[in-house]
Amino acid sequence: TGVTVIKVEMGGPGSSPCASCKLLRRRCAKDCIFAPYFPPDDPHKFAIVHKVFGASNVSKMLQELPVHQRADAVNSLVFEANARVRDPVYGCVGAISYLQNQVSQLQMQLAVAQAEILCIQMQQEPNLHEVSTSLLLCYVEKEKMGTSFV
């Protein structure tokens, strides 16, 4: 997990307006709520959040949060906005669902591979045939119930 550093640049006289004020074509006040989180050198970041959530809603959300939580909230809004643009219906939930299905398929493949290993071990060690067979049956039953054997 990478750490995102947000450069705080307030608007005001002599400085360039933040990305939100630039997009909304308004003067960037010294106490602009957007300025610390939407710097002028990254206009796409605000544009996508504005397109999905609206500037007014984002402003209200940020004002309701303590200052120390705002950067994380903006990062979450940017992530969700990007996900909504890619998948307008499901957004982040679609990505999570896709990854959960992938994990489920990989768990099934792992279970099959572990069962094959048990079968090979049974063939190589005939003395353990009875124990291995009962272990294999137990393993298959637990996999059917959705519990992990190992």
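The values are calculated or read from the model by the stated rules, or taken from the named source; none is laboratory data. Fair warning: this is a prediction, and the values are worked out from it, not measured in the lab. Here the Cβ is made from the backbone with ideal geometry for all residues, glycine too, and neighbour counts use every protein chain on show. What goes into the accessible areas is simple: the full protein's heavy atoms, side chains included, and nothing from ligands, DNA or RNA. Shrake-Rupley method; radii C 1.70, N 1.55, O 1.52, S 1.80 Å.
The residues of region 95-116 that are farther than 30 Å from ARG84 by Cβ and open to solvent by less than 90 Å² (accessible area, probe 1.4 Å), listed by number, are ALA111, VAL112, ALA113, GLN114, ALA115. On the given criteria, is VAL89 over 13 Å from the mean Cα position of the chain (by Cα) and crowded, with 18+ Cβ neighbours inside 10 Å? So VAL89 does not fit the description; no. Note on region 30-58: among residues that are of a type in the set (Gly, Ala, Ser) and in a helix (DSSP H, G or I), the one that is surrounded by the most Cβ atoms within 10 Å (Cβ to Cβ) is ALA55.
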